[in-house]
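The values are calculated or read from the model by the stated rules, or taken from the named source; none is laboratory data. What you see is a predicted model, and the numbers here were worked out from it, not measured in a lab. Using ideal geometry, Cβ is built from the backbone for each residue, glycine included, and neighbour counts are taken over all protein chains shown. Remember, those area values only see protein heavy atoms, side chains included, never the ligands or the DNA or RNA. Shrake-Rupley method; radii C 1.70, N 1.55, O 1.52, S 1.80 Å.
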Amino acid sequence: MERAIFPALIGIVLAVVAMAATEKNRGAANITIPATKGDVAFPHQTHQTVLDDCNACHNLFPQEAGSIVQLKESGNLRRMQVMKQCLDCHRELTKAGKKAGPVSCNDCHQ
């Protein structure tokens, strides 16, 4: 009987460690994206919950703090490329009758 318990305990410990590692790599709950027309307050955690697919956004830039700014400065990310992706997604969700984020300039740029 003790032999049967040991593998189960190992499995539980590994599952907890895996969940903790996944949580740890989720990034900041909120991010401020610097922009010419005013910084954009980005509710990162909300997007993670709603989209459940990091590549929905991170197909444009790596999952590293400051990557958007670095890519813009190096010329590897076009001006307004991230904004266009956000707007397209918000409009698509709205069209599908789902709750979506803002689509007007002043609602994002503070």
Item checked: Residue in the range 61-70 that is farthest from residue 27 (Cα to Cα), counting only those that are of a type outside the set (A, V, I, L, M) and surrounded by 13 or more Cβ atoms within 10 Å (Cβ to Cβ) -> 70
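Yes or no, residue by residue, for (1) open to solvent by less than 70 Å² (accessible area, probe 1.4 Å); (2) in a loop (DSSP other than H, G, I, E, B); (3) touching a residue at least 12 places away in the same chain (Cβ under 8 Å):
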| residue | (1), (2), (3) |
| --- | --- |
| 72 | no, no, no |
| 78 | no, yes, no |
| 84 | no, no, no |
| 87 | yes, no, yes |
| 91 | no, no, yes |
| 98 | no, yes, no |
| 102 | yes, yes, yes |
Next item on the list: Being farther than 18 Å from residue 46 by Cβ and among the polar types (S, T, N, Q) is the filter here, so list the residues in the range 78-110 that pass it.
Entry: 81, 104, 106
Notebook entry, point to check: Checking residue 11 against (1) surrounded by fewer than 10 Cβ atoms within 10 Å (Cβ to Cβ); (2) at negative phi; (3) at pLDDT below 90, which single condition isn't satisfied?
Noted result: (1)
Notebook entry, point to check: Can you name every residue in the range 37-52 that is at pLDDT below 90 and in a loop (DSSP other than H, G, I, E, B)?
Noted result: 52
